[in-house]
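The values are calculated or read from the model by the stated rules, or taken from the named source; none is laboratory data. A quick note: this is a predicted structure, and the numbers were derived from the prediction, not measured. All Cβ positions, glycine included, derive from the backbone under ideal geometry; neighbour counts span all protein chains shown.
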């Protein structure tokens, strides 16, 4: 059924020897990603949820309303919006949980012109949620809206004026005090809410029939009108509804699509996109008599004309959650494929006439699914989804990249930059927090036993053992790359203390101490070096003492222990 891949757990952003671009982010309890976008700097960001548990429970009491009870229980355990940003080398640049007052899930993300994000979702207790974030995921504003009954957002799309449109469903409300929505039209109604780029609600409307109606997705036409896809459910049937509305939400036309092959119509729309020829494509899930999923496409134009109606039958039950179009008219669709005991992420490549060109399955022997895809500037597809380890009951956040043929993007075997090579060399020491490497090629010795005691410059046995391991890696690496290295600096530092002496004497005493610490460490660098390495080191090594000029401060207060240290810095010839 499937293609087995080794999906390595990314515990930090510095794991090496990875081949596939596949990032699994574990959090306590369940977690998952539902939307993804490319940033202006060519990184990618994805949103979803991770769960948290609050030990302090609220005092129980009786409830007269089921939604009030749900709101109460939601305060103790539930999901919070989570946003991730990763770069081309699978490094995690940002991982933030919103921690809003209501538990919630994020289901959509779009870019803002200022390189921030609009994030859409819903709270566990039935409100619609819209957030605007800056590029570092700081919340600019957060809005909750909806009726006093249960509402849910299914998607959010970016509009050409920089605003967004939220699409979803709302339980019927007969109360005239609901100042955002009109009274309900049926059991469940379609809701649409349009926001300006500043987060102001421009209009909010309900649509539907006396039956259950659910807004699924929308796409903006070239003239600014909006095509909305939704469902209408009654008895054993579920119809697909296509609706065109104006920019102000007024209905232009409405078309119901019914499956004619069986008495029980069980089709569910998943996604709608506008194609480059300004027609529209709806992706649906079609259920057969055995209630097994397969894939269904409908292509139509602005004037209600159905241009193509096609089903794709696969060996195993399959469903598409998202689809995007390449510049050459081909499409990539992602979702899942499953058998009795296993679910995999599914990627399909189709031509402009929806002919299946290729498909691949990705995952493990458990529950794995692709939820969203975006096509990047280089034609790679970035995908967000859910991954489950073998023998695990918890889901994890999953980001991966695929090539235009649906094969997985491979990471380079050898890092391209000097910084990445250093990180790869010392991945174990970085993971155990013995050292820290900065982009300017500074190497900080951060292990607790690597700091000096006050007034001491001689290396302890623990320092020597750690430096021996460190030097055995560093010296051969430096010698191998000697053609690009200008200087290797070893800098000694001190805290600002020195008994009861005046300022000048305190500085000079610490300057001498910092030079002694530099000398002791520099001397140890030569201990296990070869003759050739020693000869080269004498030409490039430089010892310096900074006294307490570069003391370490935390929250404006000097940390004396962290200040008593030695650091390395590699200076390249082209810098």
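Of the residues making up segment 28-38, those that are more than 20 Å from residue 320 (Cα to Cα) and modelled with pLDDT of 95 or more number 1. Which members of segment 370-390 meet the condition of being assigned to a loop (DSSP other than H, G, I, E, B) and either touching a residue at least 24 places away in the same chain (Cβ under 8 Å) or closer than 11 Å to residue 343 by Cβ (or both)? Across segment 370-390, the qualifying residues are 376, 377, 379, 380, 389, 390. Residues in segment 518-527 that are outside any loop (DSSP other than H, G, I, E, B) and loosely packed, with under 15 Cβ neighbours inside 10 Å: 523 alone.
Could you go through segment 280-292 and let me know if any residue there is assigned to a strand (DSSP E or B), touching a strand residue (DSSP E or B) at 6+ places or on another chain (Cβ under 9 Å) and more than 26 Å from residue 241 (Cβ to Cβ). Taking every residue of segment 280-292 in turn, none turns out to be assigned to a strand (DSSP E or B), touching a strand residue (DSSP E or B) at 6+ places or on another chain (Cβ under 9 Å) and more than 26 Å from residue 241 (Cβ to Cβ).
Please work out if residue 500 is outside any strand (DSSP E or B), out of contact with any strand residue (DSSP E or B) (no Cβ under 8 Å at 6 or more places or on another chain) and exposed (fewer than 12 other Cβ atoms within 10 Å of the Cβ). Full working, then the answer.
Details: outside any strand (DSSP E or B): yes; out of contact with any strand residue (DSSP E or B) (no Cβ under 8 Å at 6 or more places or on another chain): yes; exposed (fewer than 12 other Cβ atoms within 10 Å of the Cβ): yes.
So residue 500 fits the description; yes.
When segment 528-575 is limited to residues that are without any contact (Cβ under 8 Å) to a residue 60 or more places away in the chain, loosely packed, with under 13 Cβ neighbours inside 10 Å and not in a helix (DSSP H, G or I), the one that is farthest from the chain's Cα centre (by Cα) turns out to be 530. Taking the conditions (1) crowded, with 18+ Cβ neighbours inside 10 Å; (2) within 14 Å of the chain's Cα centre (by Cα); (3) modelled with pLDDT of 85 or more in turn, residue 98 satisfies each one other than (3). The criterion of at least 3 residues that are farther than 27 Å from residue 37 by Cβ and free of Cβ contacts under 8 Å to residues at least 60 places away in the same chain is met, among strands (runs of 3 or more DSSP E) falling completely within segment 296-369, by 306-312.
Just so you know, in segment 427-477 the residues that are assigned to a helix (DSSP H, G or I) and within 27 Å of the chain's Cα centre (by Cα) include one that is nearest to residue 525 (Cα to Cα), and it is 429.
Filter segment 224-233 down to the residues that are touching a residue at least 24 places away in the same chain (Cβ under 8 Å) and more than 14 Å from residue 191 (Cα to Cα), then identify the one that is surrounded by the most Cβ atoms within 10 Å (Cβ to Cβ).
As a first pass, look at segment 224-233 and keep what is touching a residue at least 24 places away in the same chain (Cβ under 8 Å): 224-232.
Subsequent filtering for residues that are more than 14 Å from residue 191 (Cα to Cα) retains 224-225.
On the way: 224: 11, 225: 14.
Result: 225.
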